[in-house]
Amino acid sequence: MEFVEIPSGKFWMGWETGLPGEEPRHPVWVDSFVIATTPVTNKEYAGFLLATPGSAPAFWGDPRFSDPRQPVVGVSWQEAAAYCEWRTVETGETHRLPTEAEWEKAARGRLEGARYPWGDEPPGVVFPGVTLPLERPPEVGLGPPNGYGFTDLSGSCHEWCLDWYAEGYYRESPNRNPTGQIAGARRASRGGAWRHQDPWSPVAHRSSLPPHLRYSDYGFRVVRLG
């Protein structure tokens, strides 16, 4: 698993032409953090399963989802959080899921206002050899890296975030290190997912799911704290 440090600073979060929960576009300060360049893979998650009594993800035995280089999917929010706790114990460094603000800051890759992580070019230009609809999650490393070196931010899987989701949160969120509401019914997720008719979600797009559910287009990446 490779990590990159995202420097502290302000960025513009959200956009004005998306769904109601994705506006208004607003400035947010995020302290520096270190985040994985790709989602957690099947190979990486297998180590967690060998070391803990947890059950295998949904679809674990399905050939469409069993390539070691694919992102692990079919994990609930609780299972993703448990993986982070396991890595914390194994490495001695704190790991957790990213906040929505951290995810979007990393995904933008210094391209303020761009529609996608790679810029404003249409997906058909950036991914000329990809035929839709996708039949399975692609191997990690799909597409050109963004300005921070991250891939799989659109066209791979939804990625669980730390935050509880609230549609109107941007209108009341703090402008420094927002972490979502204190409680809720759904956890936030980010990233365009392979199972959708259009998997290339804009970088500001928000999604959510009740935390106990396990879908074939839900995975996660991790943040490492010093």
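The values are calculated or read from the model by the stated rules, or taken from the named source; none is laboratory data. All values derive from a computational prediction rather than experimental measurement. Positions of Cβ are backbone-derived with ideal geometry, glycine not excepted, and every protein chain shown enters the neighbour counts. The protein model used for the area step is the full one, side chains on, heavy atoms only, and it has no ligands, DNA or RNA in it. Shrake-Rupley method; radii C 1.70, N 1.55, O 1.52, S 1.80 Å.
Count charges around Arg224 for me, please; just the other residues with Cβ under 9 Å from its Cβ, Lys/Arg as +1, Asp/Glu as -1. Don't skip to the end; give the middle numbers.
Working: positive: Arg87, Arg96; negative: Glu93.
Counting the neighbours of Arg224, the net charge comes to +1.
So if I take the alpha carbon set of region 152-205, get Rg, then get Rh from the Kirkwood formula, what is the Rg over Rh ratio? Walk me through the numbers on the way to the answer.
Numbers: Rg = 12.4 Å, Rh = 12.1 Å.
Using only Cα positions, Rg/Rh for region 152-205 is 1.02.
I need the Kirkwood Rh of region 77-173: take the reciprocal of the average 1/r across all distinct C-alpha pairs and report it in angstrom.
Roughly 15.6 Å, rounded to one decimal.
Starting from the Cα-Cα distance between Val125 and Thr88, subtract it from 0.36 nm times their residue separation and give me the gain in nm to one decimal. Before the final figure, lay out each step's value.
Numbers: separation 37, 0.36 × 37 = 13.32 nm, distance 3.98 nm.
Residue separation times 0.36 nm, minus the Cα-Cα distance, leaves 9.3 nm.
What residues have an amide H closer than 5 Å to that of Val34, excluding those fewer than 5 places away on the same chain, when H is modeled at 1.01 Å from N in the peptide plane?
Close amide H contacts, sequence-distant or interchain: Ile6, Arg224.
Can you give the Rg to Rh ratio of the chain, both from alpha-carbon atoms, with Rh computed by the Kirkwood formula?
Numbers: Rg = 16.3 Å, Rh = 17.4 Å.
My calculation of the ratio gives 0.94.
When the expected Rg is taken as 2.2 N^0.38 Å, what fraction or multiple of it is the alpha-carbon Rg of region 131-226? Walk me through the numbers before you get to the answer.
Values: Rg = 14.2 Å, N = 96, 2.2 N^0.38 = 12.5 Å.
Rg over 2.2 N^0.38 Å, computed on Cα atoms: 1.14.
What list of ³J(HN,Hα) values in whole Hz, one per residue of region 48-53 in order, does the Karplus curve 6.51 cos²θ - 1.76 cosθ + 1.60 (θ = phi - 60°) give from phi, with Gly and Pro shown as x?
Couplings: 5, 5, 5, 9, 10, x Hz.
Sequence-distant or interchain residues sharing an amide H contact under 5 Å with Leu162, placed H: which?
Hits under the 5 Å cutoff: Thr99, Glu100.
Leaving out ligands, DNA and RNA, and with a 1.4 Å probe, what % of the accessible surface on the chain is carbon or sulfur?
Values: 5360 of 10050 Å².
Of the solvent-accessible surface of the chain, carbon and sulfur hold 53 percent.
Select from Trp200, Asn177, Ala188 the residue farthest towards the positive end of the dipole of region 173-221; place +1 on Cβ of Lys and Arg, -1 on Cβ of Asp and Glu, and compute about the Cα centre.
Positive-end residue among those listed: Asn177.
For Leu142, enumerate residues with amide H under 5 Å from its amide H, sequence gap 5+ or separate chain, H modeled in the peptide plane.
Answer set, sorted by chain and number: Asp152.
Using 1/(1 + (r/R0)^6) with R0 = 41 angstrom and r between the beta carbons of Gln197 and Trp12, what's the FRET efficiency to the nearest 0.05?
On the way: r = 28 Å, r/R0 = 0.69.
In this case the efficiency is close to 0.90.
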